[in-house]
């Protein structure tokens, strides 16, 4: 099955058709480095981490470029607030970004260019646009003439007239048209500046990505990605700049992920309703955050809540419990097969069904659903094999467990040793209750003795007492086991 991806430009899913056989060039807009990263940044990083992992798994060579904006109005303003140099502030938060990404287990892109290291490339591109009549210098600034690019609005689906009517535009006598956007900003006192043919200044935000993507991926490349908030004006302006200068298509396919919301309101620093990645990782593991984020298909809004994270924690525990249980299947195998045809097919077809879900615009929500369905089957069969193992069944279940772990790894989860995970989780939960393991086992022995005497009242009292401490009992043919409720 061919991979299909929703293309923002065409507003439909399209088959992935690389410009070069099995080689994909991907550019993603990175952070503006002036503060700690929030969960919205985590979603962006994890979505494209997943995309790259899966494309490589499917046999593609991927060249992945993600930039840093290390010069910007926000950086300059924050540096002034803190009384530090803007470059020092930008470098600090690039370093903090790496700390967060490493904690999340995000793979590093192949290239991570910084805006300030490509000023000459931007100046050259701006000059090309001026030569083409698509840009003009005005009192130290340089602006792009939006009305000279006929396809302006092709990505967002807006007309220039609609944009102008719906925008709050400050009167700027330097502009020929109210919607013209800046390519080069003339220097202001105390701000960072570079020399250019139009005077000292610094680049506008949009020109960075046009210059850096062209340098590292060429004039036309396969996929450009980012959040939906970048569709307009950032990505719209990138298209105008790049196509205006190169006279060629820019990116063949545009991917945009949805917002992270809190109570259905977009999470953002300007609204002050954001949680940093560090806030969340202080309470939950990176794999829990990954499971939460991938529980929703990347293009849809993702509503953040404590309950949703707790659900993700419980889901991750179920996955690890399943793998640990498979490892506990006896090695002595002499029985006949007991796995039914329906369950056998579900286990054997997991990889194919998982790939079908992911091939359909990286539908991680559906893919995770398939993993949890497989867990139900594997758990059922594992319990049966504790009593009547057969070589054929044990092999199938162990292969199913290995496949489950491999496929989950494409989402960056189930990366730990299952038995160690389950044991550490058990110890953590035991530390949160008032009973020791010895006391629990003693109470279970008291309950078993009461059951032998048919003293059901005492048996129930002991069970309820343990449950009040978060201890669940499980009666089976081999006796009574227990677990700690999450």
Notebook entry, point to check: Distance in nm between label sites at residue 187 and residue 232, each 7 Å beyond Cα in the beta-carbon direction?
Noted result: 3.7
Next item on the list: Compute the relative contact order of the chain as a whole-number percentage, counting only Cα pairs closer than 8 Å that sit 6 or more residues apart in sequence.
Entry: 14
Notebook entry, point to check: What spacing in nm lies between the two simple spin-label points modelled at residue 147 and residue 456, each 7 Å away from Cα in the Cβ direction?
Noted result: 8.8
Note to self: Could you give the length gained by full extension between residue 295 and residue 94, i.e. 0.36 nm per residue of separation minus their alpha carbon distance, to one decimal place?
What the structure shows: 69.5 nm
Notebook entry, point to check: If you take the beta carbon distance between residue 465 and residue 348 as r and set R0 to 56 Å, what does 1/(1 + (r/R0)^6) give as a FRET efficiency, to the nearest 0.05?
Noted result: 0.80
Check: Just one of (1) 1.09; (2) 1.00; (3) 0.98 is Rg/Rh (Cα atoms, Kirkwood Rh) as worked out from the coordinates here. Which one is it?
Finding: (1)
Checklist line | Estimated FRET transfer efficiency when R0 is 51 angstrom, pair residue 448-residue 366 (beta carbons, to 0.05) | finding: 0.70
Notebook entry, point to check: Just for the Cα atoms in the range 4-279, what are the lengths along the principal axes, largest first, rounded to whole Å?
Noted result: 51, 44, 37
Check: Hey, any idea what the orientation-averaged projected area of the convex hull of the range 370-486's Cα atoms comes to, in nm²?
Finding: 9.0
Margin query: Could you tell me the center-to-center distance, by alpha carbons, between the range 419-486 and the range 19-91 in angstrom?
Written below: 48
Next item on the list: Name all residues of the range 205-232 having a backbone nitrogen under 19 Å from the label point set 7 Å from the Cα of residue 11 along its Cα→Cβ direction, giving them as ranges.
Entry: 228-232
Checklist line | Principal-axis tilt of helix 364-385 within the chain, Cα atoms, nearest 10 degrees | finding: 20
Next item on the list: For the chain, find the longest principal axis of its Cα atoms and tell me its angle to the long axis of helix 350-359, 0 to 90°, nearest 10.
Entry: 20
Check: Label-point separation (nm) for residue 426 and residue 341, each offset 7 Å from Cα along Cα-to-Cβ?
Finding: 3.9
Notebook entry, point to check: Once both axes come from the Cα atoms, what is the angle between helix 437-452 and the longest principal axis of the chain, in degrees from 0 to 90, rounded to 10?
Noted result: 40
Item checked: Helix-derived mean residue ellipticity, 222 nm - over the chain, DSSP H n ≥ 4, -39500 (n - 2.57), to 500 -> -15000 deg cm²/dmol
Checklist line | Extended-chain gain in nm, criterion 0.36 nm per residue less alpha-carbon gap, residue 318 and residue 195 | finding: 38.4 nm
Next item on the list: Please work out the FRET efficiency for the pair residue 4 and residue 474, using the Cβ-Cβ distance as r and a Förster radius of 60 Å; give the result to the nearest 0.05.
Entry: 0.85
Next item on the list: Principal axes first, then extents: for the Cα atoms of the range 306-418, list largest minus smallest coordinate on each axis, whole Å, largest first.
Entry: 44, 28, 20
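Every number in this text was worked out from the coordinates using simple rules, so none of it is lab data. All values derive from a computational prediction rather than experimental measurement. Because the Cβ atoms are built from the backbone with ideal geometry, glycine has one as well, and the counts that use them run over all protein chains shown.
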